[in-house]
Amino acid sequence: MRRLLLVTAILLPLLAQSALAAGDRVQAARIFFGNGNPEQAISSAEKLLKKPDLSRDERSDLLSLIADAEILRTTHQHFEDIKPATHAIEALLQEFPDHPHAAHYRWQRAWLWWQAGDEKQAMVAGREIIAMDQQPASLQRVWLMMARIHIKQRLFAYARSDLLQYGLQVNNKSREQAVGMAWMAVVDQGEARNAPALQTLNSIYSNWPDVITDEPKLFSTYIHLLYDQQDFAKTLKLADAFIRQYITNDLAGGVRLIRADILSSQEKTIPTALMEYGILADTQAETVIGLKAFMRKLMLENRNEHDRDKLVPVMIALKKVADSNQLSVLEDEAMLDLARLWRRIAPSGSTEAMHAPALEAYAHAATSTAATIARAAHHEGSEWMARKLETILKNEQWLAAVTIWRQYPQLQPEAGKEQELSLGIAHAMRMLMIFDTAEEMLQELYKLNITSIRGQRIMVELAKLWMDRQDNDGVEKIMRWLNRNPFSIYRPEMLLIVARIQLEQHHPDLARQTLAGISADDVALESRASFWQASAGVSEALGEWHRAARDWQEYSKSPAADTQQGIIRQADALRQATEFASARDLYLTIAEEHRDAAWQYHLAICQLRSGEVAQGTQRLQELIDNKDAGRFATLAKLALADQQAGKLLGEKP
């Protein structure tokens, strides 16, 4: 017993001294790490691990030290090679799965993969943490990491789900909750929900501004949203702060471009904007940001230029950008700029410019996925197309108007806007007998104006369409509408259309009754000619030739009437009424360009019947000798033979 106590007394100091020595060695290796020398710390720790007399705690400490040092070294090397660090973490966790800081090292491994850009491995490591570690702190950071990865991959539905899980791990109204809400705003922006995104970030910036300003992605997103809402003063202030803080960050280019865009809107800051555009175009050439800056610099430098020769090189440069970046926002912006330049150099008031590339470029840009480009292209292009179409419609170039309208549906006005233009296009389609499409347009316009004067005008156009299309129920549809609108100021015009339809349907007696309810003074000036034309048609159908002649005389006096045609028809009616002398005098007033074979034949007959036999005979002979007279040459032969036969029989002409 005494011997045992003696041995124990001797060994205990030795063991204590040995343990102290081993602890000193671990501590010495850790000193290197603490002094910022991870390489020496790793080297020392690896040498110590080879010693056989290390305790389990000492091995744990040394493996932890190596993992920490490798993480530090990888961070200093900007995550160029993370394998030594991840291998060190895996060695520690494999030998000591219950290490008190195992959760920390599992997160460090996921974080290293994430920072190195290996998002797949980071997600795998993150799911391992979710499965093994249930501490709120661990779950917070891993759900947030996964959300940010999904945001980068534009998988916004997954990111939203991740952030909802993150929200379950944080306290209400805490800074951590604000962080989750800020990233949720980024998700909202990605899903084109800019209004709620901006509202969220505004609230966070008011309470925890550092949540936004400490994270470049959140900060730049906030600036972009403010710019989209045209809060230019605040945008410019925050953009300046971002550039000072994150000038070397990849997101700085987009913020600088926004800053330059704002500066370009004011004459006094245009030189600064040009300088900023130039820097971006040079330092980020061939990137999206650089090419946008290049195009905007070109447009800003030539903002007051109208000389075609000076603008052609600019247009060539823009076309080159568009051709080199097809199916992209760059192409869309280049096409919008080209449209503006084509419009600038287009001849003023020339309808030929409608067929220039301007509308093509506007139509292309109007389909852009970038809302600002599409909105600007549609607004400018539709406004320009509308003004040009108004000129074309005024000149009654129906085919040109409808062709342009159909060729550029992207530039057609939104429902309810430019209704007069839409009505004009529907009228042009009616004139070209494109009845079904015209009727659809008119019906839609009528729904928008059912209680207004414009609605009544639209109904008049619809009635004319039914008349031109020869709808069997045209009269019924018009009368049904008149019964519902008995006090319409267009009632006389509608009844006139009814009479014209009845005349076309060979019911002149009904047409006469309809016309009896209105007078020429009841209809608008532009409808006077139509009224007298319909009245004359009814009179002719009923054999009332003297009345028909008077109607045609009134027709010729009406605005917008074909005067020469009215005189010819008046003369024809007098001839039918055997008023040959009066008819002859009217025929002789016809202008030279309207004196065709029919005119010559009818004049000759009137001359024969009014005693001017020689003149009439000579005119008939000239008609017979005219190879282009057609059937009137045959009629002239018959009339001449009849006149000669009567002469032989001794009849008076």
(Q) Using DSSP to call loops (not H, G, I, E or B), can you name the trypsin sites (Lys or Arg not before Pro) in the stretch 569-653 whose Cβ has at most 15 other Cβ atoms within 10 angstrom? (A) Arg595, Lys627
Q | Label-point gap, in nm, between Leu300 and Asn485 - each point 7 angstrom along Cα→Cβ | A | 5.4
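Per-residue ellipticity at 222 nm for the chain, helices alone: DSSP H runs ≥ 4 residues times -39500 (n - 2.57), over residue total, nearest 500 deg cm²/dmol?
-24500 deg cm²/dmol
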**Q.** Leu155 paired with Gln443, simple spin-label distance in nm, labels 7 Å along Cα-to-beta-carbon
**A.** 4.8
Q. Modelled label-to-label distance, Ala192 and Gln505, 7 Å Cα→beta-carbon offset: nm?
A. 5.0
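Note down the relative contact order for the chain as a percent, whole number, built from C-alpha pairs under 8 angstrom at least six residues apart.
The value is 3 percent.
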Q: Could you work out the Rg to Rh ratio of the chain, with Rh taken as the Kirkwood radius (inverse of the mean 1/r over all Cα pairs)?
A: 1.32
Q: Give the cross-link partners of Lys417 among the lysines, using a straight C-alpha distance below 20 Å as the criterion and excluding same-chain residues fewer than 8 apart.
A: Lys388, Lys394, Lys447
**Q.** Whether the stretch 116-205 is rounded, prolate or oblate, judged on the alpha carbon gyration tensor where a/c under 1.5 counts as rounded
**A.** oblate
Q: With unit charges on the beta carbon (Lys/Arg positive, Asp/Glu negative), name the residue among Thr283, Gln134, Trp342 whose Cα is farthest towards the positive pole of the charge dipole of the chain.
A: Gln134
**Q.** Gain on full stretching of the segment that runs from Asn35 to Asp231 - 0.36 nm per residue minus C-alpha separation
**A.** 65.7 nm
Q. For the stretch 519-593, how big is Rg over Rh, using alpha carbon atoms and the Kirkwood form of Rh?
A. 0.99
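Report the per residue volume, in Å³, of the convex hull enclosing the C-alpha atoms of the stretch 561-653.
Values: hull volume 8.6 nm³, N = 93.
Cα-based convex hull of the stretch 561-653, divided per residue, equals 92 Å³.
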(Q) Distances longer than 16 Å among the Cα atoms of the stretch 596-648: what percent of all pairs is that? (A) 28
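How big is the Rg/Rh ratio for the stretch 246-397, C-alpha atoms only, Rh by Kirkwood, two decimals?
Working: Rg = 16.6 Å, Rh = 16.4 Å.
Rounded to two decimals, Rg/Rh equals 1.01.
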Q. Ordered by residue, what ³J(HN,Hα) values in Hz, to whole numbers, does the stretch 609-619 give under the Karplus form 6.51 cos²θ - 1.76 cosθ + 1.60, where θ = phi - 60° and Gly and Pro are x?
A. 7, 10, x, 8, 5, 5, 4, x, 5, 4, 5
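Values in this text are rule-based calculations from the coordinates and carry no lab data. These numbers come from a predicted model, not from an experiment. Virtual Cβ from ideal backbone geometry, glycine too; neighbours counted across all protein chains shown.
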